[in-house]
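Q: To start, I am sharing the structure in question, which I have written as structure tokens.
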Amino acid sequence: MKAIVVTDQAAGTAGMTLVERPEPPAAINDVIVEVHASGFVPTETEWPSTWTDRRDRDRTPSIPGHEMAGVVTALGYGTTGLSVGQRVFGLTDWHRDGTLAEYVAVEARNLAPLPGDVDFTVGASLPISGLTAWQGLFDHGRLRAGQSVLVHGAAGAVGSMVTQLAREFGAYVIGTGRAADRQKALDFGAQEFVDLGNDALEDVGGVDLVFDVIGGDIQRRSAGLIRAGGTLVTVVGPPEARPADGLAIDFVVEADRAQLGEVVQRVRDGRLRTNIGYIATLDDAVAALNPTERRKGKTIIRVRP
């Protein structure tokens, strides 16, 4: 099969190459999925799991990408809940070869059915962004109607999902980002926008929940805005700052079939819009994932026409 591999951590995405690799076997509780579309997070080359297995042994050349949509072609021993020929989407294991390939082996529990009226490219754009938003807001942030949420990177792949879900559940949303992202953040449902390059973040006043995808100085300043009993949720590692009278929680997104179902149902009925900015073929994936200019929205690799 054709696959994108990385071998040199120092080279990052620039070290990607398109090669021929053997098709993966199905282990116990696995399914083999014929990948139709794949997502990729630009920071993957910084994750230890891209380069080593759970015992910290080198596993290169490794296939990156952990979001996918496709069709089940084989079942491993003991696999239940899915069937050959079924359309699926989901999030693959961090420490195993990923989805920038024509086939991937993945635990069945990490996948959810993809309805026939949802395109594979849409399905591949949802797992990390949708689950990160859902888990950060509801599992970790304990969002309630009437609360205020400060969403950093509100026009990005994760931030746009956070904005839409928070609005649906009755929150007041303040988005942040670059000046050029203002209208996009407002279009996704932010009720206010803070240009981090020119506006004073502190003018926001107090908020109940901060959803942080930036870290550093922005995270530290944001912690000071959280009201008593509020929460700072971050996906960029252990918090560097904590609210004076609240919680600071960092988390790594996890596969969850029920939550994937919640997300895709909202896409189907129009409550949730995807944020796909660019679509490329697997043959063009190396160039697409090494853009020479900033791209808005998520890049999806269409593995099959």
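Q: For Glu44, state whether it is touching a residue at least 12 places away in the same chain (Cβ under 8 Å), open to solvent by less than 50 Å² (accessible area, probe 1.4 Å) and over 14 Å from Ala105 (Cα atoms). Spell out the reasoning first.
A: Numbers: touching a residue at least 12 places away in the same chain (Cβ under 8 Å): yes; open to solvent by less than 50 Å² (accessible area, probe 1.4 Å): yes; over 14 Å from Ala105 (Cα atoms): yes.
For Glu44, the condition - touching a residue at least 12 places away in the same chain (Cβ under 8 Å), open to solvent by less than 50 Å² (accessible area, probe 1.4 Å) and over 14 Å from Ala105 (Cα atoms) - is met.
Q: Here are the criteria: (1) open to solvent by less than 50 Å² (accessible area, probe 1.4 Å); (2) farther than 16 Å from Gly297 by Cβ; (3) acidic (Asp, Glu). Tell me which single one Asp181 does not satisfy.
A: It fails just one condition, (2).
Q: Return the only residue of Val233, Val210 being open to solvent by less than 70 Å² (accessible area, probe 1.4 Å), assigned to a strand (DSSP E or B), in contact (Cβ under 8 Å) with a residue 24 or more places away in the chain and touching a Phe, Trp or Tyr at 6+ places or on another chain (Cβ under 7 Å). Show your work before the answer.
A: Values: Val210 fails: touching a Phe, Trp or Tyr at 6+ places or on another chain (Cβ under 7 Å).
Testing whether each residue is open to solvent by less than 70 Å² (accessible area, probe 1.4 Å), assigned to a strand (DSSP E or B), in contact (Cβ under 8 Å) with a residue 24 or more places away in the chain and touching a Phe, Trp or Tyr at 6+ places or on another chain (Cβ under 7 Å) leaves just Val233.
Q: Moving to a separate point now. I need the full set of residues from region 1-44 which are β-branched (Val, Ile, Thr) and not in a loop (DSSP other than H, G, I, E, B), in order please.
A: Step one: list which residues in region 1-44 are β-branched (Val, Ile, Thr), which gives 4-7, 13, 17, 19, 28, 31-33, 35, 41, 43.
Listed by number, the residues that qualify are Ile4, Val5, Val6, Thr13, Thr17, Val19, Val31, Ile32, Val33, Val35, Thr43.
Q: Can you tell me how many residues in region 253-288 are in contact (Cβ under 8 Å) with a residue 40 or more places away in the chain, open to solvent by 20 Å² or more (accessible area, probe 1.4 Å) and part of a loop (DSSP other than H, G, I, E, B)?
A: Within region 253-288, residues that are in contact (Cβ under 8 Å) with a residue 40 or more places away in the chain, open to solvent by 20 Å² or more (accessible area, probe 1.4 Å) and part of a loop (DSSP other than H, G, I, E, B) number 7.
Q: What is the one condition in (1) farther than 20 Å from Pro127 by Cα; (2) in contact with a helix residue (DSSP H, G or I) (Cβ under 9 Å, 6 or more places away or on another chain) that Leu186 does not satisfy?
A: (2)
Q: With the structure loaded, tell me whether Gly175 is under 19 Å from the mean Cα position of the chain (by Cα) and crowded, with 24+ Cβ neighbours inside 10 Å or whether it fails that test.
A: Details: under 19 Å from the mean Cα position of the chain (by Cα): yes; crowded, with 24+ Cβ neighbours inside 10 Å: yes.
Criteria met by Gly175.
The values are calculated or read from the model by the stated rules, or taken from the named source; none is laboratory data. Because the structure is predicted, anything quoted here is derived from the model rather than measured. With ideal geometry, Cβ positions are generated from the backbone for all residues, glycine too; neighbour counts draw on all protein chains shown. For the accessible areas, the whole protein counts, side chains as well, though only heavy atoms, and no ligand, DNA or RNA atoms are used. Shrake-Rupley method; radii C 1.70, N 1.55, O 1.52, S 1.80 Å.
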